[in-house]
Amino acid sequence: MQDTNRKLSLKLALGAVAMFGFGYALVPLYDVYCKVTGLNGKTDRIGLEQALTKKIDRERWVNVEFVANTAGTLPWDFRPDVTRVRVHPGEITQALFAARNTSNAAIVGQAVPSVTPSEASLYFHKTECFCFTRQPLAPGEAKEMPVRFVIDPELPARIGTVTLSYMFFSVPDGGTPRTVAAAR
Amino acid sequence: MSSNISIPVDGHAHHDDHHEHHPRGIARWLFTTNHKDIGTLYLCFSLLMFFVGGAMAMVIRAELYEPGLQFVDPNVYNQMTTMHALVMIFGAVMPAFVGFANWMIPLMIGAPDMALPRLNNWSFWILPFAFSMLLSTFFAVGGAPAGGWTMYPPLILQTGAAFPFLIFAIHLMGISSVMGAINIIATVFNMRAPGMTFMKLPMFVWTWIITAFLLIAAMPVLAGVVTMLLTDKFFGTSFFDAAGGGDPVMFQHVFWFFGHPEVYIMILPAFGIVSQIIPTFARKPLFGYHSMIYATLAIACLSFVVWAHHMFTVGMPLAGELFFMYATVLIAVPTGVKVFNWVATMWRGSLSFETPMLFAVAFIILFSIGGFSGVMLGLAPVDFQYQDTYFVVAHFHYVLVTGAVFAIVAGVYFWLPKWTGHMYDEKLGKLHFWLSMISVNLLFFPQHFLGLAGMPRRIPDYNVQFAGWNQVSSIGGFVFGVSQLIFLYLVIKCIRSGVKATDQVWEGAHGLEWQLASPPPYHTWTEQPVVN
């Protein structure tokens, strides 16, 4: 009796420990799930060579809109130079965003992108983006920040407008955020 | 189920006196490994927490009695809502069910004690530490946690000195419930009396096994997700911090992966208690015993695939909304099976309405109301209107107060004569029931109207258009609060004195626990009964 109790409780305790681990495993699982399905509007990064291989579809126009926001109390003035461009799928396009630190302190920011509709994020590739790295701005400093992207010609025909949104977050001092470049 | 039982002489009261050697006074309670003592400790602790959490609810209802700010400032108000939820969920409802399990499962299955008595002592005595730690945060710099019991980041990360106390208190509660769950499973799997097969187990035992598995699967996920909050705040990780590559919505996904099974953890044992009471006072066996078990299993399994219905408005793709909506509404089917089974058990029975039966019948009716508003909330398109309104508050109080708490109170009335050896005061019991029944509906039903009209939760002030129903709700709340003092008085009175209860207590009661003396001797079933 004692022995069977011990064995069963050990198994159940292992189950509990495994579920603790599963809670942590949910984090990368969601990341993978979002990447595969394009949910969450995360965009992917491709090399320039790969972008150049996309066939340009001159017949088709896609509207790309830009939205810029700052989170919470980040004292930055952040906006796109143009709010909307028309592009051909397959064409490499550059857009510029301008950020200015309006405070008296040096601040490091991290931009987080999101694409709407989320379905389109699977077809929205970036070769270069200011969101790939953290952006330090000295007090009063202004900076032009480029993003270079290509819309995949495979973009479903019913999608005529894609919105690319950026939100800048301040990176806390002394924090060691995990690297984000790969995911963006 | 078990009508044919042979009881060894040793299992009976008067031959057991020589076993009752145990420490007296405080040492008895500190060091006890006896399942009845630990059950009593759990139930007393739960009652204490019920009044602590209830006091916070009184503050909330007093503040909402009129529009404007009267008694507390908004931060204190939000501390009240947050702590009320944490105390009631983890301090009142869950320990009450573990208390019932400790007291009744060994008696019901013919086991001499729980399988792991020392672990049992430990799982109880962790709780007072956990809750002292949690409640001490009222004196911390910045006050108690005020970001809601769901602890969504980034808001909860703004909590002051209370934050690590909150996280470690939750860790302790989790450890306590997982140990309790392991103990219950080990007891039922290994300690059943000869002949007590799984398909003969009383429904209360069945619902508890399933609950125990839910606890083992869900509580560690909560422990994990609050640990992530802790490391996000103090150790520079960025699980939920967008600046560092995390995602605050991720928290909601992982939290509700625990959170939805948690709501069934708080209701399945209630189903079990009601399934013991209804047949007793209908004087008929439980209708559809097998379907009841399968329905409970179905509910438990489905509870792991519906979590996102708590977060329909975060911006999910259509396919996600549809999946979680259909899965959620599907749960109404096994739940309906249970409700119909209880009604069918009462159908053409020789009904009598002692207090436990009154609470059990009220449970069926009022829990069903909470179930229906749950189906409404589960419909994604309309949830956009209901999200974060008082409609949600009305819904979960119908399932948790008139559901879980009513079942707990029913269970206490049902088994109190067995535990104490005295009948409780039936007149006071009926008074307690009718006052509670009327006031609880005054308290929560108007909150449906308020929610549909757009009153948001977790805000101490409101538009004057909501004043009327809030006043009704507050009056209901005060009456409900005061009525529970009758219950406290009745329980104390019953422990001290009362008409001697018979062994069977209730005319229609069947099962091993009713074969024992009332109160049962300190050690029972030292020689296991044989169930034929």
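Taken together, the values in this text are just the output of simple stated rules run on the coordinates, not laboratory data. What you are looking at is a predicted structure, and each value in this text was computed from that prediction instead of being measured. Here Cβ is always computed from backbone atoms with ideal geometry, including for glycine, and neighbour counts include all displayed protein chains.
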- prompt: So, in nm, how far is label A:Glu49 from label B:Thr33 when the simple model puts each one 7 Å beyond its Cα toward the Cβ?
  reply: 7.0 nm
statement: Residues A:Lys54, B:Lys493, A:Lys11 in order from fewest to most other beta-carbon atoms within 10 Å are A:Lys11, B:Lys493, A:Lys54
- request: Calculate the length of the line joining the C-alpha centroid of segment B:479-532 to that of segment B:156-183, in whole Å.
  value: 33 Å
- prompt: For B:Arg192, A:Arg148, what ranking results if the residue with the fewest other Cβ atoms within 10 Å of its Cβ goes first?
  reply: A:Arg148, B:Arg192
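Per residue of chain A, what 222 nm ellipticity follows from adding -39500 (n - 2.57) for every DSSP H run with n ≥ 4, rounded to the nearest 500?
Estimated from H runs of four or more residues: -7500 deg cm²/dmol.
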task: State which stretch of chain A is the longest one without any exposed GluC sites (Glu not before Pro), exposure meaning a DSSP loop state and at most 14 other Cβ atoms within 10 Å.
output: A:60-140
- request: Give me the distance in nm between label points sitting 7 Å out from Cα along the Cα-to-Cβ direction at A:Ile159 and B:Val141, one decimal.
  value: 4.9 nm
task: State, to one decimal in nm, how far the label point of B:Asp73 lies from the label point of A:Arg58, with both points 7 Å from Cα in the Cβ direction.
output: 6.9 nm
statement: The set of residues whose placed amide H lies less than 5 Å from the amide H of B:Val530, leaving out same-chain residues fewer than 5 positions away, is B:Ser6
query: With a sphere of radius 12 Å drawn around the Cβ of B:Trp514, what net charge do the other residues whose Cβ falls strictly inside it have (Lys, Arg +1; Asp, Glu -1)?
result: -2
field: Rg in Å to one decimal, and Dmax rounded to a whole Å, for segment B:5-531 via C-alpha atoms
entry: 22.8, 71
query: If you find the alpha carbon centre of segment B:397-467 and of segment B:274-322, how far apart are they in angstrom?
result: 22 Å
query: Just A:Gly160, A:Gly15, A:Gly72 to compare: in a GNM of chain A, with alpha carbon springs under 10 Å, which one fluctuates most?
result: A:Gly15
message: Can you compute the FRET efficiency between A:Thr133 and A:Thr37 using 1/(1 + (r/R0)^6), with r the Cβ-Cβ distance and R0 = 30 Å? Round to the nearest 0.05.
response: 0.70
message: Please list log₁₀ I(q)/I(0) at q = 0.17, 0.18 Å⁻¹ for segment A:43-170, using the Debye equation with identical point scatterers on the alpha-carbon positions.
response: -0.83, -0.91
statement: For B:68-77, B:97-106, ranked highest to lowest by mean beta-carbon neighbours within 10 Å, the order is B:97-106, B:68-77
query: Averaged across the residues of B:311-320, what count of C-beta atoms belonging to other chains lies within 10 Å of each residue's C-beta?
result: 2
- request: Give, in nm to one decimal, the length gained when the segment between B:Trp434 and B:Lys200 is fully stretched (0.36 nm per residue of separation minus the Cα-Cα distance).
  value: 80.8 nm
- request: Would you calculate a helix-derived [θ] at 222 nm for chain B, using -39,500 (n - 2.57) for each DSSP H run of n ≥ 4 and dividing by the full residue count, to the nearest 500?
  value: -21500 deg cm²/dmol
- request: Give the distance, in whole Å, between the Cα centre of segment A:88-167 and the Cα centre of segment A:1-41.
  value: 36 Å
